[in-house]
Amino acid sequence: MTPAAARPPTASYRLQLQPGFSLHDAERAVPYLAALGVSHLHLSPLLEAAPGSTHGYDTVDHTRISEQLGGEAALRSLAAEAHRHELRLIADVVPNHMALPVPERLNQPLWQVLKDGPDSPYAAWFDIDWTAQPGPVDAPERGRLLLPLLGDRLGAVLDQLTVEGDTLRYHEHAFPLRPGTEAFPLPELLERQWYRLSWWKLADGELNYRRFFTVNELIAVRMEVPEVFEATHAVLLRLHADGVLDGFRIDHPDGLADPRGYLRRLAEATGGAYTVVEKILTGEERLPADWPCAGTTGYDALRRIDGVLTDHAGAERLVAAYQRDVADRTDAAGAARQGRAELTAPGGELAAETDRLVRLATRICAAEPALADHPALDLRRALTELLTDHPVYRPYVVPGESAPAEAVAHLGEAAPGDATGRLLRDLALGRLGRGDAKDEFCVRFAQTASAVAAKGVEDTAFYRWNALLSLNEVGGQPGHPGVTPADFHRWCAEREEHWPGAMTALSTHDTKRSADARARLAVLAELPEAWAAECAAWTTAAGPCPDRPTAWLLWQTMVASWPASAERLVGVALKSAREAKRRTSWAEPDERYEHWLTEYVRGALANPGLAPRIAGFVQLLAPFARSNTLASALLQLTVPGVPDLYQGSEEPLYTLVDPDNRAPVDLGALAVRLTDSPADRSDDLAREKLHLTTTALHLRRTHPFGPYRPITATGPSADHLLALGRGEKLIAAATRLPYGLHRAGGWRDTVLELPPGRWTDQLTERHFLAGPVEVSYLLGRYPVALLTEVS
């Protein structure tokens, strides 16, 4: 018999740990989560993070479980309670970066590097280009680390810097002094350190450490160094060996120098523990087959489930209406390309990373006559084009190995056709031989490409191009809305064959809108002209809006989250505007515009004529949004893969982008509602979704699902039913495009043929015999059905 700890999950439940929801709180929730029906608790990062962190991705100390969350004793107590309820734990792992915290002493490895520079035994931990900054005045050739955190130019804040013993202080910041420099006058003392304090605005152009995307406060870690892997994973591996942790979710593997190598090392250290990776797959891109893991965390599933419930033709008409209204014919692909290009241009947010690649390429060309005479300007221009047009997040090229066919195709598609473009393509593919600089270019190009994709598309274009916000999700393709049932079934079959243990997610701590918020918005694709007219009417009622794309974003955000407080909506509106970088930005906020935007949102909510109209429109959407909510939940719980439920999503959850979606959830209240009788679960979407969720989860735990197979209905409305079988004893059926079904007159004579046997809908406890069943009867109470064959 397989030990319980080695069994793959049947379903997991994501808990976002933070000071307001600790490991002690998680332990108290275990009985409820066991009753809900999951097999594993999926915990956000556990290692010590920056003080007050609400997410845990800003690790400062790999040697201990976060004391803010309760420490190792609390984690072991949680595991013991979970085991008593036959549950196991999955931990989120952050291998790509650490925090550059305040005070800096909290990150001791980095503190030692600041103190001792490239001679520090910890210098190998961090991805620093020591050649990019002149070194201390007595060792200019050694380089130093740029720390862009001053509030103004250095000369303007010199009087705010003080020396206290062996420490240099700037407000809350504290930096170690290089031994022997304590007695120098301040200006000379600064010139003798292994770091250079600078104005924060210098970061994008001069930064010489790799970071997480554009977040200066997260410094990249070189996980490819075996000693670094061992030091940063020792606690987690010990807890796995002790049976406390059973699986791992790997954050942002695209940032690693060698994701496959990292996963192989982890698999060897854990004996093949269940591991999934937060990998964003673009379009039809597939996860590399040689990665030793169970699959992705589920954004690829999110796109397919959302897509099959989205009206393709209606979404296209909505896009046309949006483009007419904003007087901009730019399509989603054009917005994405523009977002990428801006990041790598001189002065762009990733200009420093791009320049580092140019320096590498220049050095490579200078060392070989056959590669000579590529001017730096040509290299930068071609590199910008290559990063802009690369169609996926990154290539997976390992120096010394033949490049995968996918990488060859993608880089060939993106590379400029001139000699410089071909040179950079071949360097990125590792085709020009080996050497430290060539290997580094190959690896660093891949890491930079993933940052350009994430920031240029998800965090720029997806806040600018606002035709239908439910499409603008992590891993989404707003330029290709909708997924046909045939393509959906094909994807499910491929997933079952290749990655049956991958997660299936609909809401996460990183989704821009939760699944139920997107379910509402998806209805808009079925009534595009009506929505465009409504959007225009709301703008008229609220007053002139000089920024039409922002108007579309605001009204859809209100629909998605209604009813929402002014504080929530203002926070999301300001974040969206800053990410879009059209009228304001994080780096250069336009106070006047942001004040106008804040007052516009507050004024709309306070408008006595507009607020009731918004509420009425949301109510109009309600029956169709309900159908989408229950359909997406059913599909998540029945398609191949491991359903990963985000905290609170077992009931309708209308949250927006972080931090809105990371607030603690009252699991005690959910536990009370779980005890309601089945009779109490009708005509109340919250209870309906909870009933559906726990019913399907318990089926997964007690009746292992069999092979996937598509099932087709017949009749005039057959296209509105998505049905699937899991083995011979389970059938799931879900309504799709419910507004269109309503307009067409309902199910009419559409039937679903049930296989031989006696069937019970587990949601309604109604019984059906084999043969044709009228879909209108089958779905008379819910827009979904979950049938099991009774032997």
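The values are calculated or read from the model by the stated rules, or taken from the named source; none is laboratory data. Not measured: the values here are computed from a predicted model. Counting neighbours? That spans all protein chains shown, and the Cβs are built from the backbone with ideal geometry, glycine included.
What is the number of the single condition among (1) crowded, with 24+ Cβ neighbours inside 10 Å; (2) aliphatic (A, V, I, L, M); (3) not in a helix (DSSP H, G or I) that residue 521 does not meet?
Among (1) crowded, with 24+ Cβ neighbours inside 10 Å; (2) aliphatic (A, V, I, L, M); (3) not in a helix (DSSP H, G or I), the lone unmet condition for residue 521 is (3).
Scan 415, 449 and give me the residue that is in contact with a Pro (Cβ under 8 Å, 6 or more places away or on another chain) and either in contact (Cβ under 8 Å) with a residue 60 or more places away in the chain or under 29 Å from residue 300 (Cα atoms) (or both). Walk me through it before giving the result.
Values: 415 fails: in contact with a Pro (Cβ under 8 Å, 6 or more places away or on another chain).
Just a single option satisfies the conditions, and that option is 449.
Just name the residue that is surrounded by the most Cβ atoms within 10 Å (Cβ to Cβ) out of those in region 108-154 that are within 22 Å of residue 358 (Cβ to Cβ) and among the hydrophobic types (A, V, I, L, M, F, W, C).
Once the filter is applied, the top-ranked residue is 145.
For residue 329, all conditions in the list (1) in contact with a helix residue (DSSP H, G or I) (Cβ under 6 Å, 6 or more places away or on another chain); (2) in the same structural domain as residue 394 (by TED's automatic domain parsing) hold save one; what is the number of the exception?
Against the list (1) in contact with a helix residue (DSSP H, G or I) (Cβ under 6 Å, 6 or more places away or on another chain); (2) in the same structural domain as residue 394 (by TED's automatic domain parsing), residue 329 comes up short only on (2).
Of everything in region 125-164, what is small (Gly, Ala, Ser) and touching an Asp or Glu at 6+ places or on another chain (Cβ under 7 Å)? Give them in sequence order. Talk me through it step by step, then tell me what you get.
Residues of region 125-164 that are small (Gly, Ala, Ser), as a first pass: 132, 135, 139, 143, 151, 155-156.
Residue satisfying the conditions is 135 alone.
Pairs only if they're at least six apart or on different chains, beta carbon under 8 angstrom, first in region 739-754 and without any contact (Cβ under 8 Å) to a residue 60 or more places away in the chain and on the phi > 0 side of the Ramachandran plot, second in a helix (DSSP H, G or I) and not basic (Lys, Arg); list them, first residue then second.
Correct list of pairs: 746/776; 748/776.
Has region 91-98 got any residue that is more than 26 Å from the chain's Cα centre (by Cα) and at pLDDT 95 or above?
No, there is no match, as no residue in region 91-98 is more than 26 Å from the chain's Cα centre (by Cα) and at pLDDT 95 or above.
What is the residue count in region 354-401 for residues that are at positive phi and among the charged types (D, E, K, R)?
Pass one, region 354-401, residues at positive phi: 373, 400.
Within this subset, residues satisfying the condition of being among the charged types (D, E, K, R) are 373.
Adding up the residues that qualify gives 1.
Would you mind telling me which numbered condition in (1) in contact with a Pro (Cβ under 8 Å, 6 or more places away or on another chain); (2) in a loop (DSSP other than H, G, I, E, B); (3) within 27 Å of residue 493 (Cα to Cα) residue 748 fails?
For residue 748, the failing item is (3).
Looking at 760, 712, 702, which is the one that is β-branched (Val, Ile, Thr) and either touching a helix residue (DSSP H, G or I) at 6+ places or on another chain (Cβ under 7 Å) or closer than 28 Å to residue 520 by Cα (or both)? Spell out the reasoning first.
Numbers: 760 fails: either touching a helix residue (DSSP H, G or I) at 6+ places or on another chain (Cβ under 7 Å) or closer than 28 Å to residue 520 by Cα (or both); 702 fails: either touching a helix residue (DSSP H, G or I) at 6+ places or on another chain (Cβ under 7 Å) or closer than 28 Å to residue 520 by Cα (or both).
Only one candidate passes the filter, namely 712.
For the subset of region 155-207 comprising residues that are assigned to a helix (DSSP H, G or I) and among the acidic types (Asp, Glu), which member is surrounded by the fewest Cβ atoms within 10 Å (Cβ to Cβ)? Quick ask: steps written out before the conclusion?
Narrowing region 155-207 to residues assigned to a helix (DSSP H, G or I): 155-160, 186-191, 200-206.
Applying the additional criterion that residues be among the acidic types (Asp, Glu) yields 159, 188, 191, 204, 206.
Working: 159: 8, 188: 11, 191: 17, 204: 20, 206: 16.
Step by step, filter region 155-207, then rank; the result is 159.
Surrounded by fewer than 16 Cβ atoms within 10 Å (Cβ to Cβ), outside any loop (DSSP other than H, G, I, E, B) and in contact with a strand residue (DSSP E or B) (Cβ under 7 Å, 6 or more places away or on another chain): is that true of residue 228 in this structure?
no
Based on what the data block shows, is residue 588 closer than 30 Å to residue 662 by Cβ, acidic (Asp, Glu) and either outside the structural domain of residue 458 (by TED's automatic domain parsing) or surrounded by fewer than 17 Cβ atoms within 10 Å (Cβ to Cβ) (or both)? I'd like the intermediate steps shown before the answer.
Values: closer than 30 Å to residue 662 by Cβ: yes; acidic (Asp, Glu): yes; either outside the structural domain of residue 458 (by TED's automatic domain parsing) or surrounded by fewer than 17 Cβ atoms within 10 Å (Cβ to Cβ) (or both): yes.
Answer is yes for this residue.
Inside region 46-81, can you point out the residues that are touching a strand residue (DSSP E or B) at 6+ places or on another chain (Cβ under 6 Å) and either among the charged types (D, E, K, R) or under 25 Å from residue 697 (Cβ atoms) (or both)? Outline the logic, then answer.
Within region 46-81, the first condition is being touching a strand residue (DSSP E or B) at 6+ places or on another chain (Cβ under 6 Å), and the residues that meet it are 46-50, 54, 56, 58-62, 64, 66, 71-72, 75, 79.
Across region 46-81, the qualifying residues are 46, 48, 58, 61, 64, 72, 75, 79.
Does residue 467 meet the test of being in contact with a helix residue (DSSP H, G or I) (Cβ under 6 Å, 6 or more places away or on another chain), assigned to a loop (DSSP other than H, G, I, E, B), touching a residue at least 60 places away in the same chain (Cβ under 8 Å) and small (Gly, Ala, Ser)?
Details: in contact with a helix residue (DSSP H, G or I) (Cβ under 6 Å, 6 or more places away or on another chain): yes; assigned to a loop (DSSP other than H, G, I, E, B): yes; touching a residue at least 60 places away in the same chain (Cβ under 8 Å): yes; small (Gly, Ala, Ser): yes.
It is true that residue 467 is in contact with a helix residue (DSSP H, G or I) (Cβ under 6 Å, 6 or more places away or on another chain), assigned to a loop (DSSP other than H, G, I, E, B), touching a residue at least 60 places away in the same chain (Cβ under 8 Å) and small (Gly, Ala, Ser).
Just the residues that are touching a helix residue (DSSP H, G or I) at 6+ places or on another chain (Cβ under 6 Å), crowded, with 18+ Cβ neighbours inside 10 Å and in a loop (DSSP other than H, G, I, E, B), please, taken from region 477-503.
Those that are touching a helix residue (DSSP H, G or I) at 6+ places or on another chain (Cβ under 6 Å), crowded, with 18+ Cβ neighbours inside 10 Å and in a loop (DSSP other than H, G, I, E, B): 478, 481, 482, 483.
Pairs please, first residue from region 36-58 and over 21 Å from residue 667 (Cβ atoms), second anywhere and of a type in the set (Val, Ile, Thr), Cβ atoms under 6 Å, 6+ apart in sequence or on different chains.
Once the first residue is over 21 Å from residue 667 (Cβ atoms) and sits in region 36-58, its partners that are of a type in the set (Val, Ile, Thr) give 47/59; 48/60; 49/59; 50/60; 57/94.
Of everything in region 103-143, what is small (Gly, Ala, Ser) and part of a loop (DSSP other than H, G, I, E, B)? Give them in sequence order. Break it down stepwise before answering.
If we filter region 103-143 for residues that are small (Gly, Ala, Ser), which is where we start, we get 117, 120, 123-124, 132, 135, 139, 143.
Scanning region 103-143 gives 120, 135, 139, 143.
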